[in-house]
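Shown next, in structure tokens, is the structure this report addresses.
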Amino acid sequence: MENSDKQTELEQENRRLRERLDLLEAQLAVRKTTRNRLVLLMIRTFAGKSLYGSVTQLVDEVAERRLERETIKKVLYATLRRVTRVGTVMVLIALGPLVLAGLQTYYLKKQNEKLDIQNKRIEQQTYLQEAERRSSLVFLFDNVLNKVDEELRMNPGHRALSPQLVGRIVALTKALKPYHFLEGDSITAQMSSPERGQVLLSLLASKLNKSTYDQIFLLADFSYTTLQNVNLDGAYLRNINLSNAVLESVSLTGADLRNANLEGAQLLGARVLATGGSASPASFDFANFHKATLHNCDFSGSSFDYTNFTRASLHQVSFRNAFFNQARLIELQADTLDFGGATLLNTTFSILEKKAGVNTVFHWPEIHIDTATYRQIRQLPLNGLPVLDTAQREFRIKRDTFYVGDAGQPIVVEDSVELFRTRQ
């Protein structure tokens, strides 16, 4: 009895296991069928209906050993067609990120442009705040000028200022520092101080005596001054510091600029009227034009005794009938200079290498020249160098004055120099 019950249980267990095994096998079959369908679907999708059909036909014909040429053609054609389509799709898929990257770059560029504009406005605002702070010193400027008028009214004949007021003027010029300011819609590239120009013009209009001007110009700072369309005829500007100044369309007839510092200055359209009843030449003796820019200027008849033009830029400048003695015109950037009728004593010349397309032209008609300066000129890389006319020579007395010790008595040394005329 017990053996029968055990046998029955084992049979039931075997049946359950068999049913379970059948169920697993059915699930595996379904999964396999599903996988095969998916693979087949992917193959059909990738290969395409035409490629799949042609390959199927090829396989069948190979199995039946009746391969036809037309079937191979269909397979090759379908393959090339499918590869081309897939390549096009892949290219389009690859272009997607590139298009997105291009759009991103475009919008980043636009954003950077807006940031640049914003930074520019912030910079302009900063410079304008600085300009406003500088312009606040105009009140001090007005106060100083009132003091000048007051002292001149008290002593109209002397035209002198007290040392205290001279000191205030010097301090004012140093306080009026150059700055960038807004011109139109942009900040000026070069710093300047229009207020210093106003101080200078006011002092010149006050007609002070030369001693007072000497005290002011020896200590005051008029660098970066801007003067436009002003008349400086007969102005006493000895020892003045006009470095990096801008003098545009100014008249300098009879002006005294001896020992003036014009280093880095820009003289644009400056004029010296050397002919006529009221004309008188200007004096630039011992002046410093180092790295200065002179454009479209006329210094006819002016004096350039020991003047330094080292590394200056001279463009369309006239030195007709001017006088040069021990002047240094070295490493010039120059074109179209006129020295007609000028006198040149012991003057040194050299020109920087010309830029492409720039013609350097010097005019030398009827100049008076010594042999040392002539040798300097003959070394210049120019066309049409002057030729000495040995038939026309003259002797001039050259005077030098020396002061010895504190005696104040001058010792005058005279020396003769032989000058020749030239022909172009």
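Values in this text are rule-based calculations from the coordinates and carry no lab data. Computed from a prediction, not measured in an experiment: that's the story for all the values here. Counting neighbours? That spans all protein chains shown, and the Cβs are built from the backbone with ideal geometry, glycine included.
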remark   = Extension length gain for Gln228 and Thr33 (0.36 nm per residue less Cα distance), in nm, is 60.5 nm
ask   = Once fully extended, how much extra length lies between Glu418 and Val387, figured as 0.36 nm per residue of separation less the alpha-carbon to alpha-carbon distance?
value = 9.6 nm
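Per the Cauchy relation, a quarter of the hull surface: what is the mean projected area of the convex hull of the alpha carbons in region 136-177, in nm²?
Numbers: hull surface 11.1 nm².
Projected area, direction-averaged: 2.8 nm².
Please work out how much length the chain gains when fully extended from Leu100 to Asp142, using 0.36 nm per residue of separation minus the C-alpha to C-alpha distance, in nm with one decimal.
8.8 nm
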ask   = Measuring from label point to label point, each 7 Å out along Cα→Cβ, what is the Arg159 to Tyr107 span in nm?
value = 7.3
